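Structure, as structure tokens:
The values are calculated or read from the model by the stated rules, or taken from the named source; none is laboratory data. What you see is a predicted model; the values in this text were computed from it and never measured. Cβ placement follows ideal geometry from the backbone for every residue including glycine, while neighbour counts extend to all protein chains displayed.
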Amino acid sequence: MESEVVLKTISLEYFDTSLSVYRLVFPSQIKAMKHSLERVGQLQPVITRHSEAGYQLIDGFKRYYAAEKLALSTLLGKVLDVKESVGKAMILAYNKESSPLVDYEEGLIVCSLKNEHGMNQKQIAELTGYSAAWVCRRISLVERLDETVQSQLTLGKISAAHAREIIKLPRGNQGEVTRSIMEHDLSSRSSAWLINKYLSSGSQAQKQYLLEHPLEAIEKQTKEHEIYDSRLCRHGNQLLKTTELLYLQQNIFTGQYNHIHTGQLSDLEKGILSPKLRKVSAKARLIASLIDQKEPDDER
């Protein structure tokens, strides 16, 4: 992938961001980069290649979007003389160590090399430096995901960890399960339980109940399941059980509180709930303080 490199100050208006479709860049990341640019300026040049639309960004999307937020006029960039297929492979290389891509991003790039550049798996492996098996897994990840699920992943509504669980489902069922995950704000761990339970459920009625009431189903399962670890003493097992149940209730509360209906509560309902929510908040701070003050392995 070696090529001639030119260092150049580039006006933001001349950047071609078409390769951004292969990256998951979220507002929190851009906000952090914006603060960095404000404090210390641009520490590393962005990486680009010549394209018909200008300077096609290969690496440095967060810096570009943060610069836009700051109304900067230019960024320092390295300009490479490489083909677009090589530029896409370079996205993998530049992010391998400092900021590894999630497997879905890798899959998008690999699928692009396959579908847009007509490369087979062996050619992609040679270009990227990964094994053919690695290439095959990344292609499978993307191709097994329903388009609506991919859209939610790109928008940041679900994570790559969620996606790895969702691909266990037939494509026809992925959309409705994903909606349930988002609606109830399920963690990837809770989503994994939901999906495994959904796949093992015999009737459509059971499946529908799981999708409509996943938090209640998880709570019921946890309470019925014996929480015990033979390595722990009696008090240790009591603490383990309490911790697991508290963690479960925390997940349930988070899902319910983040539900769209919370914002639609009446003033009367908010008035009833408000003092109870303040008690929960105070207790959460106390629990965090206790854990910070005395971890279980402290010798006191």
Q | Residue list for the stretch 131-161, filter: under 21 Å from Val21 (Cβ atoms) and in a loop (DSSP other than H, G, I, E, B) | A | Arg144, Leu145, Asp146, Leu155, Gly156, Lys157, Ile158, Ser159
Q. For the stretch 1-106, which fully contained strands (runs of 3 or more DSSP E) count at least 2 residues that are under 26 Å from the mean Cα position of the chain (by Cα)?
A. 46-51, 54-59
Q: Given the conditions (1) under 17 Å from the mean Cα position of the chain (by Cα); (2) in contact (Cβ under 8 Å) with a residue 60 or more places away in the chain; (3) more than 23 Å from His35 (Cα to Cα), report the number of the one that Gly156 does not fulfil.
A: (3)
Q. Taking the stretch 255-266, which residues are surrounded by fewer than 12 Cβ atoms within 10 Å (Cβ to Cβ) and either in a loop (DSSP other than H, G, I, E, B) or not β-branched (Val, Ile, Thr) (or both)?
A. His261, Gly263, Gln264, Ser266
**Q.** the stretch 15-43, subset touching a Gly at 6+ places or on another chain (Cβ under 8 Å) and among the aliphatic types (A, V, I, L, M), residue surrounded by the most Cβ atoms within 10 Å (Cβ to Cβ)
**A.** Leu19
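Conditions tested, residue by residue: (1) closer than 19 Å to Phe15 by Cα; (2) surrounded by fewer than 19 Cβ atoms within 10 Å (Cβ to Cβ); (3) of a type in the set (D, E, K, R); (4) not assigned by TED's automatic domain parsing to the domain that holds Asp16.
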{"position": "Pro45", "(1), (2), (3), (4)": "yes, no, no, no"}
{"position": "Tyr55", "(1), (2), (3), (4)": "yes, no, no, no"}
{"position": "Asp59", "(1), (2), (3), (4)": "yes, no, yes, no"}
{"position": "Arg63", "(1), (2), (3), (4)": "yes, no, yes, no"}
{"position": "Asn95", "(1), (2), (3), (4)": "no, yes, no, yes"}
{"position": "Asn115", "(1), (2), (3), (4)": "no, yes, no, yes"}
{"position": "Glu126", "(1), (2), (3), (4)": "no, yes, yes, yes"}
{"position": "Ala133", "(1), (2), (3), (4)": "no, yes, no, yes"}
**Q.** Residues that are farther than 19 Å from Ile158 by Cα and in contact (Cβ under 8 Å) with a residue 24 or more places away in the chain, drawn from the stretch 192-212
**A.** Lys197, Leu199
Q. Within the stretch 74-83, is there a residue that is assigned by TED's automatic domain parsing to the domain that holds Arg23, at pLDDT 95 or above, more than 18 Å from Leu19 (Cα to Cα) and in contact with a strand residue (DSSP E or B) (Cβ under 9 Å, 6 or more places away or on another chain)?
A. yes
Q: Within the stretch 162-214, track down each residue that is assigned to a helix (DSSP H, G or I) and among the β-branched types (Val, Ile, Thr).
A: Ile166, Val177, Thr178, Ile181, Ile195
Q | Checklist (1) loosely packed, with under 10 Cβ neighbours inside 10 Å; (2) not in a helix (DSSP H, G or I) applied to His235, failing item | A | (2)
Q.
From the list Glu176, Glu226, exactly one residue is modelled with pLDDT of 95 or more and out of contact with any Phe, Trp or Tyr (no Cβ under 9 Å at 6 or more places or on another chain). Which is it?
A. Glu176
Q. Do we find a residue being farther than 15 Å from Val21 by Cβ, small (Gly, Ala, Ser) and under 15 Å from the mean Cα position of the chain (by Cα) anywhere in the stretch 117-130?
A. no
Q.
surrounded by 10 or more Cβ atoms within 10 Å (Cβ to Cβ), within 30 Å of Asn196 (Cα to Cα) and either modelled with pLDDT of 85 or more or of a type outside the set (Gly, Ala, Ser) (or both): is that true of Ile252 in this structure?
A. yes
Q: Could you grab me the full set of residues in the stretch 37-77 that are within 24 Å of Glu106 (Cβ to Cβ) and of a type in the set (Lys, Arg)?
A: Arg49, Lys62, Arg63
